[in-house]
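Each remark here refers to the structure printed beneath this line.
The values are calculated or read from the model by the stated rules, or taken from the named source; none is laboratory data. Note that the structure is predicted; figures quoted are calculated from it, not measured. Here the Cβ is made from the backbone with ideal geometry for all residues, glycine too, and neighbour counts use every protein chain on show.
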Amino acid sequence: MCFDRDALPPDLPADLVVPRMAGGAAAEQLELTSADGARFSAALATSGEAHDPAVIILPDVRGLYRFYVELAERFAEAGHHAVAIDYFGRTADTGERPNDWDYWPHVRETSPETVQADVAAAIALLRERTGATSFVTVGFCFGGAQSFLAATHAELDLDAVVGFYGGLNGERLGIPSPRDTAAGAVRPVLALFGGADEGIPERDRETFAASLERAGVEHEIVVYPGAPHSFFDRRQDEFADASQDAWRRTLGFLDGVGARAHA
């Protein structure tokens, strides 16, 4: 499991919070429709001082829950419109679920194609509701793996991808392994890992890095020594420095994407 039930996203570094309109970053709960007609839940947070790119948040295996709703709000506070999406509307219906729900059967029923169709619907929402013109996925664990896979699909209207401790060996998740598919990446990648994450060993990170080198895309791989899987959690005080650095790197990466998009 990627996060404890009471996990919360780390606060933004104070100097990266932009002024906002009253209530401007409060997330709106809504439902979207994917290309195959499937309905799925989402949480949209907008900012009165937003700039490109907008962010599509790809959650861990439990789908959309409080952590990611609040994370969308944090991105809005940093000046980026953001929408967090759920993967499981096709098999588990929409709406809030209990913390102890049995998500694994639904994870196994997803595919990169359905996830990417949902990402496309989220992009369409952001374009319509916010006027955003460039887009980046930011994924966590299962969502990080999906974000890395999205880097290889040229038909998606994405400018770059970010993955926090995204799984690199897709066998357990029933998806292609990003450590290998990254050789076909067509857009920039930022990858953030915990050095003590036993589920993502150094050999997989090395293979992933070599694949990105072969792809020839801009990429950065950051490893935080001693940090575990899901270190990006407000309650984990011992990894607060890693979390703050991860925020800075992610927002700096987004700034670079926005600058290139409007060059």
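Some notes on this structure:
- Summed over the stretch 53-67, the residues that are modelled with pLDDT of 95 or more and more than 13 Å from the chain's Cα centre (by Cα) give a count of 1.
- Counting only helices (runs of 4 or more DSSP H) that fall entirely inside the stretch 61-109 and contain at least 2 residues that are touching a strand residue (DSSP E or B) at 6+ places or on another chain (Cβ under 9 Å), the qualifying elements are 66-77, 89-92.
- Candidates are the residues of the stretch 26-52 that are polar (S, T, N, Q) and in a strand (DSSP E or B); the one that is modelled with the lowest pLDDT is Gln29.
- Answer residue from the stretch 185-196, given it is without any contact (Cβ under 8 Å) to a residue 60 or more places away in the chain and crowded, with 19+ Cβ neighbours inside 10 Å and is farthest from Ala246 (Cα to Cα) among those: Ala185
- Set side by side, the residues Thr91, Thr110 differ, and just one is in contact with an Asp or Glu (Cβ under 6 Å, 6 or more places away or on another chain) and surrounded by fewer than 22 Cβ atoms within 10 Å (Cβ to Cβ), which is Thr91.
- The listed residue being without any contact (Cβ under 8 Å) to a residue 40 or more places away in the chain, under 17 Å from the mean Cα position of the chain (by Cα) and part of a helix (DSSP H, G or I), out of Ala210, Ala259, Ala182, Ala246: Ala182
- Residue tally, condition free of Cβ contacts under 8 Å to residues at least 60 places away in the same chain and part of a loop (DSSP other than H, G, I, E, B), over the stretch 219-230: 4
- Yes/no for Val222 being of a type outside the set (D, E, K, R), in contact with a strand residue (DSSP E or B) (Cβ under 8 Å, 6 or more places away or on another chain) and surrounded by 20 or more Cβ atoms within 10 Å (Cβ to Cβ): no
- Criterion: more than 22 Å from Gly79 (Cα to Cα) and out of contact with any strand residue (DSSP E or B) (no Cβ under 9 Å at 6 or more places or on another chain) - qualifying residue of Asp237, Asp255, Asp233: Asp237
- Of all residues assigned to the stretch 129-141, at least one qualifies as being under 23 Å from Asp93 (Cα atoms), not acidic (Asp, Glu) and not in a strand (DSSP E or B).
- Identity of the residue in the stretch 188-207, of a type in the set (D, E, K, R) and assigned to a helix (DSSP H, G or I), that ends up nearest to Arg248 (Cα to Cα): Arg205
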